[in-house]
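The values are calculated or read from the model by the stated rules, or taken from the named source; none is laboratory data. Worth saying up front: this structure is predicted, and the values here are computed from it rather than measured. Every residue, glycine as well, gets a Cβ built from its backbone with ideal geometry; the counts of neighbours run over all protein chains shown. For the accessible areas, the whole protein counts, side chains as well, though only heavy atoms, and no ligand, DNA or RNA atoms are used. Shrake-Rupley method; radii C 1.70, N 1.55, O 1.52, S 1.80 Å.
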There are 2 protein chains.
Amino acid sequence: MKAEIIAVGSELLLGQISNTNARFISSQLAELGIDVYYHTVVGDNPNRLLDSIKIAEGRADLLIFTGGLGPTKDDLTKETIANHLNKKLVMDDHALIYIEDFFKRMNREMTENNKKQALVLEGCTVLPNKHGMAPGMLLSNEKHSYILLPGPPKEMEPMFQFEAKPLLPKLLNEETIILSHVIRFYGIGEAELETKVQDLLENQTNPTLAPLASDGEVTLRLTAKSDTEKDAWHKIETLQAEILQRVGNFVYGYNNDSLASKLRELLIDNNLTISAAESMTAGLFQSELAEVPGMGEALVGGMITYTEKIKVEQLGVKQQLLSDYGVVSSQCAEEMAVRIKEKFGTNIGIGITGAAGPDGHGGQPAGTVWIGIALDQMAPVSYKLSLTGMRNTNRLRAVKFTIHYLIRLLREEGIAKI
Amino acid sequence: MKAEIIAVGSELLLGQISNTNARFISSQLAELGIDVYYHTVVGDNPNRLLDSIKIAEGRADLLIFTGGLGPTKDDLTKETIANHLNKKLVMDDHALIYIEDFFKRMNREMTENNKKQALVLEGCTVLPNKHGMAPGMLLSNEKHSYILLPGPPKEMEPMFQFEAKPLLPKLLNEETIILSHVIRFYGIGEAELETKVQDLLENQTNPTLAPLASDGEVTLRLTAKSDTEKDAWHKIETLQAEILQRVGNFVYGYNNDSLASKLRELLIDNNLTISAAESMTAGLFQSELAEVPGMGEALVGGMITYTEKIKVEQLGVKQQLLSDYGVVSSQCAEEMAVRIKEKFGTNIGIGITGAAGPDGHGGQPAGTVWIGIALDQMAPVSYKLSLTGMRNTNRLRAVKFTIHYLIRLLREEGIAKI
């Protein structure tokens, strides 16, 4: 089966947003072994959209559309497809009730044009929209299947993953099992990792092995095909064992793990609590931890001490220490970690101070970061980063390195058992 | 002139990266008034690339290619175009010397396949690559122009901007001035906004008017064409005046403003300081403010009070209040705002409490958020949100609504003068 992804929206052609939907859907289809040969982006123009549909029908079996399902006159995707396939648009009662409820919950008045969102292609399978209003659709005829999805990624991604993707194996009608497994690394560069598994990368057939780097993190994706699930897993496990032997040191987790979810697991499983005092990251470290549901059992809270005055008056860092060593120093980071740990009564205290940029701070150049960690069992330790990115890349990197160093320290010190 | 952007690379079709190059080039072309009707993504396959070129030649005058100029056997963009146009590939001496130098500077040995990168289309204008090895190309015949650019954004973006873009007005042969202006709204839905400016959207010619919604924010882009800059601005100002009269209430800023940058401007210009106590957002509000450089003059810091215990012991919220009203309540949000304002000695105190999801919290369903604001001049106020997104969308929305309500309150109360 060959698929083509057609994104509809003039805002894409004006360069106001990137087509991240095509990336998301493509990676999901790759997991299912469905080949994507083309992405197309077309504006909110019914004639050009129709031309794109005809071209896609000539080279793909499955056409996946994103965008153009909204309430405005510009939104014409389902109207154009209905015309082309000679199908009526009919009101879907469930969708209409859901949209009316949506407005009630938001305490807003529903304007008439919003009803249009509940119209669906006659005879289609309706894909509910749990995070917005316009429902999606799946329609198949002898030659092609058409999936229509909304444009906003926060609506499209869960709809594709939970409503559309489970329907695809039926369309595929295939017996081959395809399994994918991701190994997640931090603290090692892409080039260094690739050098260490060069021969495995070169000789890959089944499983295939694909490296990918982003945001300081590197992943390896292992994908195996077989007649049985058991054999596919065996293939993946054999290759994984070889990889772990070489670079297992840098592995922090697997598949949907994030640094934060992995840390949560370590903290909860070992009954550890954490607090943080943040300066340059201004709450981003704790916010990143709180992205994971259930973090409340481990993360009790902390302080944002953006100014020197607050560091001294509220956190209790000595003015003398700041005068002696400066606010961007190992001494200040360790002291922040010790003070917040004591004040909030946790097993772990974190202190982050630095110069995010674009200017230097506390006598240090932009990109300098000190991370302090205080644990029950030992004297505080600190780590220095010299980052080279823009302000907010540096802030995010500082947060991710903090989680990475903490995970390693907990494991190396035998404080966390997994 | 109509343009089409063709991205070449199987990594895009596998969903490993997003096609950010198309977004970048499109936004640059929009500034020049060049219409982009399609983006195409095709893999490293010469037959499918050739098919895409033929389709694009039938619907565009200018074809811009990204990717497929590298040293490997997969890189086939210029070879495919050379075959199609019956052109030879010739060695460009400048490019070759540059590539040899590049390896010397990197202290690496140059392998033979790297020479292939210095081959260019016979008769083309060579576009130097200041941030990598493969040069770009511009070639025109009677019917079409072809621009070939490398795939990595850090090479492509400066090459397009500084080498290719300056050559486009000659291709265009136009004298028209094009100006764009963006009005930014918050707290109003896309459909509601469009209803209020429906007639302006329907009758648009010059300036054109384009709505765009993302992350709870809606923008209107006004684009005017004229012979003179003065007249183009006059057209934009006339239409903007009409829009402000209808929905000026929801406008928070213009062009590159963000909610956070706008708030920073209001705070600094009016000598106001701010602190926050965050529960469900766990530092995201303060981190969002700190994304803007120079926020340190207004944001002194705050607390993250993730657990009830910390709210009581560290922030000073009365246990009785939590027992009476619950932790997700207007009373708790207002008390958090009042307490942090007092403790940190600022003009403004913010309290955010809620149930981010997926589960409810404090007896309230997921998505319930209370935002408290305490100001010097008045009794604390609070706002309720009922959000419908996933956990982290809700957390980000809560932060953006907080900034939005604060900006409105400061303006309405006459505390901030702009």
Apart from one, (1) outside any helix (DSSP H, G or I); (2) more than 30 Å from A:VAL36 (Cα to Cα) all hold for B:ILE99; the odd one out is (1)
Scan the range B:175-182 and tell me whether some residue there is closer than 30 Å to B:GLY67 by Cβ, open to solvent by 50 Å² or more (accessible area, probe 1.4 Å) and within 14 Å of chain A (Cβ to nearest Cβ).
yes
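Inspect all residues belonging to the range B:373-387 and state whether any of them is without any contact (Cβ under 8 Å) to a residue 12 or more places away in the chain, open to solvent by 30 Å² or more (accessible area, probe 1.4 Å) and not β-branched (Val, Ile, Thr).
Yes, because at least one residue in the range B:373-387 is without any contact (Cβ under 8 Å) to a residue 12 or more places away in the chain, open to solvent by 30 Å² or more (accessible area, probe 1.4 Å) and not β-branched (Val, Ile, Thr).
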Failed criterion for B:SER52 (all others in (1) in contact (Cβ under 8 Å) with a residue 60 or more places away in the chain; (2) crowded, with 20+ Cβ neighbours inside 10 Å hold):
(1)
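Go through A:GLU157, A:GLU142 for me and flag whichever is open to solvent by 40 Å² or more (accessible area, probe 1.4 Å) and in a loop (DSSP other than H, G, I, E, B).
Numbers: A:GLU157 fails: in a loop (DSSP other than H, G, I, E, B).
Result of the check over A:GLU157, A:GLU142: A:GLU142.
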Filter the range B:297-341 for residues that are surrounded by 18 or more Cβ atoms within 10 Å (Cβ to Cβ) and under 15 Å from B:THR273 (Cβ atoms); the one that is farthest from the other protein chains (Cβ to nearest Cβ) is B:ALA337
Taking the criterion of being closer than 26 Å to B:SER27 by Cα, acidic (Asp, Glu) and either open to solvent by less than 40 Å² (accessible area, probe 1.4 Å) or within 13 Å of chain A (Cβ to nearest Cβ) (or both), would at least one residue in the range B:232-239 satisfy it?
no
Just checking, which of B:ARG48, B:ARG108 is within 11 Å of chain A (Cβ to nearest Cβ) and either in a loop (DSSP other than H, G, I, E, B) or of a type outside the set (A, V, I, L, M, F, W, C) (or both)?
B:ARG48
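Which residues, taken from the range B:194-209, are in a helix (DSSP H, G or I), among the aliphatic types (A, V, I, L, M) and more than 10 Å from chain A (Cβ to nearest Cβ)? Before the answer, list the steps.
At the first step, the residues of the range B:194-209 found to be in a helix (DSSP H, G or I) are B:194-196, B:198-202.
Narrowing further to those that are among the aliphatic types (A, V, I, L, M): B:200-201.
Residue satisfying the conditions is B:LEU200 alone.
Any chance you could count how many residues in the range A:126-137 are within 14 Å of chain B (Cβ to nearest Cβ) and open to solvent by less than 50 Å² (accessible area, probe 1.4 Å)? Walk me through it before giving the result.
Of the residues in the range A:126-137, the ones within 14 Å of chain B (Cβ to nearest Cβ) are A:128-134.
Filter once more, keeping what is open to solvent by less than 50 Å² (accessible area, probe 1.4 Å): A:129, A:131-134.
Of the residues in that region, 5 qualify.
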Of all helices (runs of 4 or more DSSP H) fully inside the range A:210-311, the set with 2 or more residues that are closer than 25 Å to B:ILE304 by Cβ and either among the polar types (S, T, N, Q) or free of Cβ contacts under 8 Å to residues at least 40 places away in the same chain (or both) is A:259-269, A:284-290
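Within the range B:98-123, can you find the residues that are of a type in the set (A, V, I, L, M, F, W, C) and over 18 Å from B:MET159 (Cβ atoms)?
Within the range B:98-123, the subset of a type in the set (A, V, I, L, M, F, W, C) is B:99, B:102-103, B:106, B:110, B:118-121.
Scanning the range B:98-123 gives B:PHE103, B:MET106, B:MET110.
Yes/no per residue for (1) more than 20 Å from B:GLY326 (Cβ to Cβ); (2) of a type in the set (S, T, N, Q):
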| residue | (1), (2) |
| --- | --- |
| B:ASP359 | no, no |
| B:PRO365 | no, no |
| B:THR368 | no, yes |
| B:ILE371 | no, no |
| B:ASP376 | yes, no |
| B:THR388 | yes, yes |
Select from the range A:184-193 the residues that are under 16 Å from A:LEU244 (Cβ atoms) and touching a strand residue (DSSP E or B) at 6+ places or on another chain (Cβ under 6 Å) and write down the one among them that is surrounded by the most Cβ atoms within 10 Å (Cβ to Cβ).
A:PHE185
Of all residues in the range B:171-209 being without any contact (Cβ under 8 Å) to a residue 40 or more places away in the chain and β-branched (Val, Ile, Thr), the one that is farthest from B:LEU29 (Cα to Cα)
B:THR195
Can you list residue pairs whose Cβ atoms sit under 9 Å apart, with the first residue in the range A:28-39 being facing another protein chain (nearest Cβ under 7 Å) and the second being of a type in the set (Ser, Thr, Tyr) and not in a strand (DSSP E or B)? Count only pairs 6 or more apart in sequence or on different chains.
A:VAL36/A:SER26; A:TYR38/B:SER52; A:HIS39/A:SER26
Tell me yes or no: at least one residue of the range B:101-123 is among the charged types (D, E, K, R), within 37 Å of the chain's Cα centre (by Cα) and within 21 Å of B:ALA56 (Cα to Cα).
no
With respect to A:ILE97, is the statement that it is surrounded by fewer than 16 Cβ atoms within 10 Å (Cβ to Cβ), of a type in the set (A, V, I, L, M) and outside the structural domain of A:ALA210 (by TED's automatic domain parsing) true?
yes
Given the condition among the small types (Gly, Ala, Ser), under 19 Å from A:ALA260 (Cβ atoms) and open to solvent by less than 10 Å² (accessible area, probe 1.4 Å), answer yes or no: does some residue in the range A:390-400 qualify?
yes
For residues that are more than 7 Å from chain B (Cβ to nearest Cβ) and polar (S, T, N, Q), tally how many sit in the range A:282-296.
0
In this structure, does B:LEU220 turn out to be in contact with a Ser or Thr (Cβ under 9 Å, 6 or more places away or on another chain) and open to solvent by less than 30 Å² (accessible area, probe 1.4 Å)?
no
For A:GLN16, indicate whether it is within 11 Å of another protein chain (Cβ to nearest Cβ), open to solvent by 10 Å² or more (accessible area, probe 1.4 Å) and assigned to a helix (DSSP H, G or I).
no
Of (1) open to solvent by 30 Å² or more (accessible area, probe 1.4 Å); (2) closer than 24 Å to A:ALA277 by Cα, B:LEU272 satisfies every one except (1)
Among the residues of the range B:72-94 satisfying the criterion of being open to solvent by less than 40 Å² (accessible area, probe 1.4 Å) and assigned to a loop (DSSP other than H, G, I, E, B), which is modelled with the highest pLDDT?
B:ASP92
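Conditions tested, residue by residue: (1) at pLDDT below 95; (2) among the charged types (D, E, K, R).
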residue	(1), (2)
A:GLU334	no, yes
A:THR346	no, no
A:ALA356	yes, no
A:GLY372	no, no
A:LEU387	yes, no
A:ASN392	yes, no
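What residue, of B:GLY151, B:GLY123, is assigned to a loop (DSSP other than H, G, I, E, B), buried (at least 20 other Cβ atoms within 10 Å of the Cβ) and in the same structural domain as B:ARG23 (by TED's automatic domain parsing)?
B:GLY151 is the lone residue from the list that is assigned to a loop (DSSP other than H, G, I, E, B), buried (at least 20 other Cβ atoms within 10 Å of the Cβ) and in the same structural domain as B:ARG23 (by TED's automatic domain parsing).
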Restricting the range A:108-120 to residues that are out of contact with any Leu (no Cβ under 6 Å at 6 or more places or on another chain) and touching a residue at least 12 places away in the same chain (Cβ under 8 Å), which is most open to solvent (accessible area, probe 1.4 Å)?
A:LYS115
Within the range A:138-146, is there a residue that is free of Cβ contacts under 8 Å to residues at least 40 places away in the same chain, away from every other protein chain (no Cβ under 14 Å) and not aliphatic (A, V, I, L, M)?
yes
